[in-house]
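Participant: Let me begin by handing over the structure; questions about it come next.
The values are calculated or read from the model by the stated rules, or taken from the named source; none is laboratory data. In this text the structure is predicted, and so the values were computed from the model without any measurement. Virtual Cβ from ideal backbone geometry, glycine too; neighbours counted across all protein chains shown. Each accessible area value is taken on the protein alone, full model and side chains, heavy atoms only, with ligands, DNA and RNA left out. Shrake-Rupley method; radii C 1.70, N 1.55, O 1.52, S 1.80 Å.
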Amino acid sequence: MTLQTVKQQIDQGALPSLYLVTGNETALVQKAHRLFASIIDPAEQEMNQSTYDFAEVGLDPILDDYLSAPFFGDHRLVLVENPTFLTTGSKLTANQEKALQEALDHPVPGNLLVLFANEASLDKRKKVTKSVLSQAELLDLPALDERQTRQALHQFLDQRRVEISQEAEAELLLRTQASYSKVLAELPKLLAYASQTKTIDLTGVTGLVPKESTAQAFDLADLVLKQKKAEALHLYHDLVKNGEAPLRLNALLLGQFRLLLQVAGSNGTDQSVGTALKVHPYRVKLARQSLRHYRLGQVRAGFLQILQMEIKMKSETVDPLFLFENFMVNFR
C-alpha cells in the first residue's frame with residue numbers, strides 16, 4: 001500500500017489495528033509519521049498518542065499503552081521505532097511473544113499499533129515476524145530513484161513557482177547522490193536564495209549545498225584514475241584540512257573503487273544492481289558513466305594499492321598524507 005492508501009483509510013474511518021512501515025526514505029517515513037498523527041485530534045494527542053523506541057524501552061510499556069482504552073477519544077495511536085524483535089538483533093521471551101500475539105489477535109477497538117522497521121533487516125524466519133507480516137497492513141517506503149527524485153523536485157518547485165537550471169539540478173543531484181530526502185533537506189536554503197529571482201542557479205547550489213562524502217570520494221577517484229595528480233593531491237589535502245579523517249577518507253576512496261569493480265561485473269538496470277549492492281541507483285549510474293573512461297585493469301590496480309594503504313595506516317606509524325602522496329606519484 002501507499003501513503004495515499006493510508007490517507008484514504010483515514011478519511012473513510014476504515015483503519016486496521018496494525019501497520020508495518022518499511023523503507024529507508026527518511027522524508028517519506030517522516031511524512032508517514034505526520035499522516036498517522038493526523039488520526040488523533042491535536043487536543044487529544046498528549047493523552048492518546050505515544051512514540052516508543054523499542055530498543056530503549058522493550059515491549060512491556062508498549063503493550064500496556066496499546067491495550068489501554070482511548071482516553072476521551074475514538075482512537076489511541078502507538079508508534080514504535082526500531083522493533084528489533086522482528087530482526088535477528090533481539091528476541092522476545094516466550095511470555096512476551098504470547099502477550100504480543102494475544103494483543104494482535106484481540107486489539108482494543110479504536111487502537112492502532114504502527115511499527116517502523118527496515119524491510120531489509122526483517123528476519124522473516126521468526127515466528128513473531130511471520131505473524132506481524134500476516135496480520136499487518138504493509139506500507140513500504142523505498143528510496144526514490146533518480147527519475148522519481150527529479151519528478152518530486154520539479155513538482156515541489158513548480159508549486160512554489162521557482163525554476164532550477166539544468167546545470168544546478170545536475171549539481172544538486174550529484175552533491176546529494178540523488179537522495180530525495182537529502183534534496184528536500186537542502187531546498188529551504190535554495191528557496192531563500194532564489195526568493196528574488198525565482199531561479200535556482202549553479203552558483204546557489206555550489207555555494208549552499210555541501211557535497212556528500214560519497215560524492216567527494218567519487219571526485220577523488222575520478223582525479224586519481226584520470227592521472228590528474230596535482231588536482232587529486234590538492235583535493236585530498238583540502239578534505240583533510242576540513243576535518244576529514246585520513247583513514248575514513250581512504251575507506252571512502254576504497255569503497256568507490258570497489259563499487260566501480262562491482263558495477264563493471266554486474267548486469268541489469270541501475271535499480272536492480274543498486275538493490276543487489278545496497279547502494280543508491282544513482283551511484284550505479286555514475287559508476288557506469290565513469291567506467292567508459294577508465295581501463296578496468298587500472299581500476300583493479302588502484303583498488304589493491306589503496307587497500308595496501310589502509311593496511312599500512314592501521315598497522316604502521318606512517319604519515320597518511322605521505323602514503324597518499326606516494327600512491328599518487330607511483331600510480332599508473
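Participant: Please pull out the direction-averaged projected area of the stretch 184-286, using the convex hull of its alpha-carbon atoms, in nm² to one decimal place.
Facilitator: 8.3
Participant: Just the number, please: carbon plus sulfur as a percent of the accessible area of the stretch 174-258, 1.4 Å probe, no ligands or DNA/RNA counted.
Facilitator: Roughly 57 percent of what the probe reaches on the stretch 174-258 is carbon or sulfur.
Participant: Once you put a point 7 Å from the Cα of residue 130 and another 7 Å from the Cα of residue 94, both along the Cβ direction, what distance in nm separates them?
Facilitator: Result: 1.8 nm between the two label points.
Participant: Now for a different question. Return the equivalent ellipsoid semi-axes of the stretch 1-45 as a descending list in whole Å, where each equals the square root of 5 times an eigenvalue of the C-alpha gyration tensor.
Facilitator: 18, 14, 9
Participant: Could you work out how far apart the two model spin labels at residue 38 and residue 185 are, taking each label as a point 7 Å from the Cα in the direction of the beta carbon, and quote it in nm?
Facilitator: 2.5
Participant: Express in nm, to one decimal, how much length is gained between residue 325 and residue 300 on full extension, taking 0.36 nm for each residue of separation and deducting their alpha carbon distance.
Facilitator: Fully extending the segment from residue 325 to residue 300 adds 7.1 nm.
Participant: Report the label-to-label distance for residue 31 and residue 170 in nanometres (one decimal), using points 7 Å from each Cα along the Cα→Cβ vector.
Facilitator: So the label points at residue 31 and residue 170 sit 2.8 nm apart.
Participant: Please state the Cα pair-distance histogram of the stretch 128-191 with 5 angstrom bins from zero: what percent is in each bin?
Facilitator: Histogram of Cα-Cα distances, whole percents per bin: 3, 15, 24, 20, 8, 6, 7, 7, 6, 3, 0.
Participant: Compute the distribution of all C-alpha to C-alpha distances in the stretch 254-299, in bins of 10 Å from 0, and list the percent of pairs in each, rounded to whole numbers.
Facilitator: 29, 61, 10
Participant: Separation of the stretch 307-331 and the stretch 98-118 by C-alpha centroid, Å?
Facilitator: If we compute the Cα centre of each part, the gap is 54 Å.
Participant: While we're on this one: Could you give the distance between the Cα centres of the stretch 51-69 and the stretch 1-42, to the whole Å?
Facilitator: 19
Participant: Cα atoms only, the stretch 241-323: Rg and Dmax in Å?
Facilitator: In Å, with Rg to one decimal and Dmax whole: 14.5, 44.
Participant: Where both residues lie in the stretch 7-134, what percent of DSSP beta bridges are antiparallel, nearest 5?
Facilitator: Close to 5 percent.
Participant: Using only the alpha carbons of the chain, what is the convex hull's orientation-averaged projected area in square nanometres?
Facilitator: 21.4
Participant: Quote to one decimal, in nm, the extra length available between residue 241 and residue 123 on full extension: 0.36 nm per residue of separation minus the C-alpha distance between them.
Facilitator: The residue 241-residue 123 span can extend by a further 38.2 nm.
Participant: Moving on. Can you give the translational diffusion coefficient of the stretch 83-196 in µm²/s, computed by Stokes-Einstein from the Kirkwood radius over Cα pairs at 4 °C and 1.567 mPa s?
Facilitator: 73
Participant: Using alpha carbons only, what's the Rg to Rh ratio of the stretch 1-76 with Rh from Kirkwood?
Facilitator: In the stretch 1-76, Rg relative to Rh is 0.96.
Participant: Now for a different question. Between their Cα atoms, which of 182/229; 211/285; 241/314; 31/189; 189/229 are more than 28 Å away from each other?
Facilitator: Listed pairs above 28 Å: 182/229; 189/229.
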